[in-house]
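Novice: Below you will find the structure I want to go over with you.
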Amino acid sequence: MINWSGLESKYKKYLKSVGISNEGSENAKVIKTKAKVAKYLANEYEKAAKKGMEMYGNGVMKINKAPLEKAFKSAFSLMESGGPKSAAGMIMAGGFVACWTGGMMKMSVPPPTSTKVITNVVLFPGAPIPVSIGGPTDDAGALGGAIVKAAKAHAATVTGICTSLVPVPAAPPVPTPFPWAGIK
């Protein structure tokens, strides 16, 4: 199962240390670049998501974190330039969808009445659930919480199909599709 509260804690802790050291002085410098932040958020999401599973108990085998990292970076660039937060939230939403596009689940647990999984693929990579970024705040952790809230809602919309062999009396087993909905 995906540990959403653990992911949120990691995000909040990490995002609290993002900023500028010695702000206002000649030797001011960015503590963590948006590229580093985007990479960290995508890496931690992938780690958490890979602990998830579909309704039959098969875990995540493959997702693609690269588009999610790119989406985070683009969203941060947009916000940095003063762009609308709602647009940045939609960019992140698109990143979650792209992350699950082409996803695959493990094939270790056959659905009930079946004996052996043949394929287990993500058919619909989920609905784009925007990250709801609040107004101006000094609480960097609020962004972490908003990202996790959207990610959790998005994971519930990912669907796929597990094709598994079902025994038939006096005949070879028949490949049968078993739809599934949501990653938990």
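The values are calculated or read from the model by the stated rules, or taken from the named source; none is laboratory data. Here the structure is a predicted model, which is why all the values come from computation and not from measurement. Neighbour counts run over all protein chains shown; Cβ positions are idealised from the backbone, glycine included.
Novice: State all residues of the stretch 44-77 that are among the charged types (D, E, K, R) and free of Cβ contacts under 8 Å to residues at least 60 places away in the same chain; if no residue qualifies, say none.
Specialist: Hits for the stretch 44-77 are 44, 46, 47, 50, 51, 62, 65, 69, 70, 73.
Novice: Here is a follow-up. How many residues does the stretch 145-168 contain that are within 11 Å of residue 124 (Cα to Cα) and assigned to a strand (DSSP E or B)?
Specialist: Final tally of qualifying residues: 3.
Novice: Give the residues of the stretch 39-57 that are farther than 16 Å from residue 6 by Cβ and either modelled with pLDDT under 95 or under 10 Å from the mean Cα position of the chain (by Cα) (or both), sorted by residue number.
Specialist: 42
Novice: Just give me the residues in the stretch 169-184 being assigned to a loop (DSSP other than H, G, I, E, B), surrounded by 12 or more Cβ atoms within 10 Å (Cβ to Cβ) and of a type in the set (Gly, Ala, Ser), in sequence order.
Specialist: Scanning the stretch 169-184 gives a single hit, 182.
Novice: What number of residues within the stretch 78-122 are buried (at least 18 other Cβ atoms within 10 Å of the Cβ) and either hydroxyl-bearing (Ser, Thr, Tyr) or free of Cβ contacts under 8 Å to residues at least 12 places away in the same chain (or both)?
Specialist: Result for the stretch 78-122: 1.
Novice: Can you name the residue in the stretch 137-168 that is over 24 Å from residue 108 (Cα atoms) and without any contact (Cβ under 8 Å) to a residue 12 or more places away in the chain and, of all such residues, is surrounded by the fewest Cβ atoms within 10 Å (Cβ to Cβ)?
Specialist: The selected residue is 138.
Novice: Do we have any residue at all in the stretch 22-30 that's at pLDDT below 95, over 15 Å from residue 158 (Cβ atoms), aliphatic (A, V, I, L, M) and surrounded by fewer than 17 Cβ atoms within 10 Å (Cβ to Cβ)?
Specialist: Yes; the residues of the stretch 22-30 include at least one that is at pLDDT below 95, over 15 Å from residue 158 (Cβ atoms), aliphatic (A, V, I, L, M) and surrounded by fewer than 17 Cβ atoms within 10 Å (Cβ to Cβ).
So that you can scan it fast, the table gives a plain yes or no per residue for (1) of a type in the set (D, E, K, R); (2) more than 17 Å from residue 39 (Cβ to Cβ):
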{"residue": "54", "(1), (2)": "yes, yes"}
{"residue": "59", "(1), (2)": "no, yes"}
{"residue": "62", "(1), (2)": "yes, yes"}
{"residue": "89", "(1), (2)": "no, yes"}
{"residue": "98", "(1), (2)": "no, no"}
{"residue": "120", "(1), (2)": "no, yes"}
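Novice: Against the condition closer than 25 Å to residue 43 by Cβ, of a type outside the set (A, V, I, L, M) and in contact with a strand residue (DSSP E or B) (Cβ under 6 Å, 6 or more places away or on another chain), how does residue 106 come out, does it pass?
Specialist: It is true that residue 106 is closer than 25 Å to residue 43 by Cβ, of a type outside the set (A, V, I, L, M) and in contact with a strand residue (DSSP E or B) (Cβ under 6 Å, 6 or more places away or on another chain).
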